[in-house]
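Heads up, the thing below is written out as C-alpha cells.
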Amino acid sequence: MILLRDVLVYFAVACLVIQVVTCIVVACRYLWHPKGGVHNLRQQGVTVLRPVAGLEKNLERTLRSAFELDHPKIEVIFCVASADDPVVPLVKQIRAEYADISSLLLVGDEPVSFNPKLNNLVKGWKAARYDWIIMADSNLLLPKDYIARLFDRWKRNTGLVASPPVGTDPENFAADLEAAFLNSYQARWQLFSDTVGKGFAQGKTMLWRYDVLAHAGGINALAEELAEDAAATKIVRRQGLKVNLTAMPFTMPLGVREFRQVWDRQTRWAKLRRDSFPLFFYPEIFSGSFVPFGCMLAAVLLGAVSFAVFISFIFTWYAVEFLVIIMVGWPVSVRHLKAVLLRDILLPALWFSAFGKKNYQWQGHKIEMHKNRR
C-alpha cells in the first residue's frame, strides 16, 4: 500500500514538472527571435496557396491578409473545388481590390486522395510559378511578416516549416473551448516537440521548397496518409530532413463556434493522430490534468499527502498555464478558465473516442479511415 501511495504521488509530481517545463518552453519561444539559417531568402519568389470552401465569419479578413504581406515577390493562388461555391464571389472581389498583386482563382477538383483539401490543392501546386510554396488554410490570419517568420526557421537540414494555429477572438463559450484545445494544450505540446528536435507538420501552414516534395513524387505523395500534414512529416523525415515550427504560432480568428463543431474537429484530429502516429498518440491520455489530479486525489484518500497539498497541486498546475497565456497574449478570461477546466475533463473522453468508429465527417464528406489508403 505504501508503495502504491508513493507511485501515485511521484507520477503526479512528474506530470506537474512536465506541465511546468512545457509552459516555460512556450514562454522562452515567445521571447526568442530566430534568425534565418539560409541567406538571401528575402529575395525569393513565394507562391501562397489558399484552399477555400464555403463562407464563415472573418473569412474576408483572413483571405485579404494574404495580399498584405510585406514580402517583395509573391503570388496568391486560391483553390476552390466548385464554381458554384459561395466563396467564389468573395475571392473575385478581393482579387479585384488587389489587382497589382499577382493572383489566380483555380476551380476544379483532382481526386488524388480521399482528402478533399489535398484534392483541392493539387491544381494550385501545379500552377505555382515559384520554388517556395506555402499552403495556408483559408481561416488563418497571416501577419505582414508571415513569410519572414517562416523563412527564419529554414535551416540547411530543413525540409518543411510549419505552424500550429492559435485560436483568437472567441465570441462564445464553445469558441473558448476550442481556443483551450488549440492554444495552451495542442500548440504548447507541438512547440515543445519542436524544441526538442521532433517537430511535426501542421496543415494550417506549411512552407515547402518545391524540390523536397518533388523528390517524394510531387504533391500526390501527400495522399499516402489521410492527413496531408502527417504524410508531409513522414516524407520529410524519410529524406533525412527536419520539420521546423515557427517560433510562435499564427492566429486563427474563431468568432462563434458550436460545441458539436468543436468536438467533431477534435475527434477527427484524434483519430488521425492515432492512425498516423500511434506510438505518440497512446501517451496522450496522460497529457492533461485529469489523470495526475486523479492520482493525487487517490494519494490524499490513502493518507500519503494532505488535502492542502492537493489544492496547491491544482493551483500550481493552472497558475503556470495561465501565466504563460497572459504573457504571450492569447485569449484569457473567466470564461476561458472554465473552458480550460472543461477541456481537461473532456480529454480522456476524446482519447477514447479515437478508438471508436473508423470514420468521420469533414466539410460534408464522409471519410472511411479503414478504406481510404492510397
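All of the numbers you see were taken from the coordinates with simple rules; none came from a lab. Predicted, not measured: the structure shown is a model, and the values here were computed from it. Cβ atoms come from the backbone with ideal geometry, glycine included; neighbour counts cover every protein chain shown.
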Exercise. Rounded to the nearest 5, what % of the DSSP beta bridges within the chain are antiparallel ones?
Worked result: 35
For this session: Compute the length gained on full extension between V17 and E97: take 0.36 nm times their separation in residues and subtract their Cα-Cα distance, giving the result in nm to one decimal.
Result: 23.7 nm
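When the chain is fully extended, how far beyond the present Cα-Cα distance does E56 get from V107, taking 0.36 nm per residue of separation?
Working: separation 51, 0.36 × 51 = 18.36 nm, distance 1.93 nm.
16.4 nm is the gain from fully extending E56 to V107.
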Problem set entry | Total lysine pairs under 16 Å (Cα atoms) in the stretch 138-248, excluding pairs fewer than 8 apart on one chain | 5
Seminar exercise, completed: Residue-ordered couplings for the stretch 164-176, obtained by feeding phi - 60° into the Karplus form 6.51 cos²θ - 1.76 cosθ + 1.60 and rounding to whole Hz (Gly and Pro as x), are x, x, 10, x, 10, 6, x, 10, 8, 5, 4, 5, 4
Exercise. If R0 is 35 Å, what FRET efficiency do you get for A319 and V38 from their C-beta distance, rounded to 0.05?
Worked result: 0.30
Exercise. For the chain, modelled as a Gaussian network with Cα springs under 10 Å, which listed residue fluctuates most, G329, G218, G124?
Worked result: G329
Exercise. Against the longest principal axis of the chain, how steep is helix 334-353, in degrees 0 to 90 to the nearest 10, with axes from Cα atoms?
Worked result: 90
Exercise. To the nearest 0.05, how large is the calculated FRET efficiency for N172 and L302 if R₀ is 51 Å and r is the Cβ-Cβ distance?
Worked result: 0.80
Seminar exercise, completed: Calculating mean projected area of the Cα convex hull in nm² from this structure picks out, from (1) 22.6; (2) 17.7; (3) 18.9, entry (3)
Exercise. Hey, what angle do you get for helix 2-31 against the long axis of the chain, alpha-carbon based, 0 to 90 degrees rounded to 10?
Worked result: 30
For this session: Give the shape of the stretch 239-290 as rounded, prolate or oblate, defined through the alpha-carbon gyration tensor: a ≥ b ≥ c are the square roots of its eigenvalues, a/c under 1.5 means rounded, and otherwise the shape is prolate if a/b is larger than b/c and oblate if not.
Result: oblate
For this session: Only loop residues by DSSP count here, and only those with at most 13 other Cβ atoms within 10 Å; note down the chymotrypsin sites (Phe, Trp or Tyr not before Pro) in the stretch 274-309 that meet that.
Result: none
Problem set entry | Between the stretch 215-275 and the stretch 95-131, the Cα center-to-center distance that results, in Å | 19
Seminar exercise, completed: Once both label points are put 7 Å beyond Cα along the C-beta direction, the N157-Q261 separation in nm becomes 4.2
For this session: May I ask which residue of L118, I74, L241 lies farthest towards the positive end of the charge dipole of the chain, with charges of +1 (Lys, Arg) and -1 (Asp, Glu) on Cβ and the Cα centre as origin?
Result: L241
For this session: Grab the beta carbon distance between L279 and Y210, set R0 = 45 Å, and tell me the FRET efficiency rounded to 0.05.
Result: 0.90
Exercise. Fully extended, how many nm does the chain gain between V7 and V309 (0.36 nm per residue separation, minus their Cα-Cα distance)?
Worked result: 107.1 nm
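Scan the stretch 90-179 for trypsin sites (Lys or Arg not before Pro) in coil per DSSP, keeping those whose Cβ has at most 15 other Cβ atoms within 10 Å, and list them by number.
The qualifying sites are R129, K144, K155, R156.
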Problem set entry | Over the chain, relative contact order from alpha-carbon pairs under 8 Å, at least 6 apart, % | 22
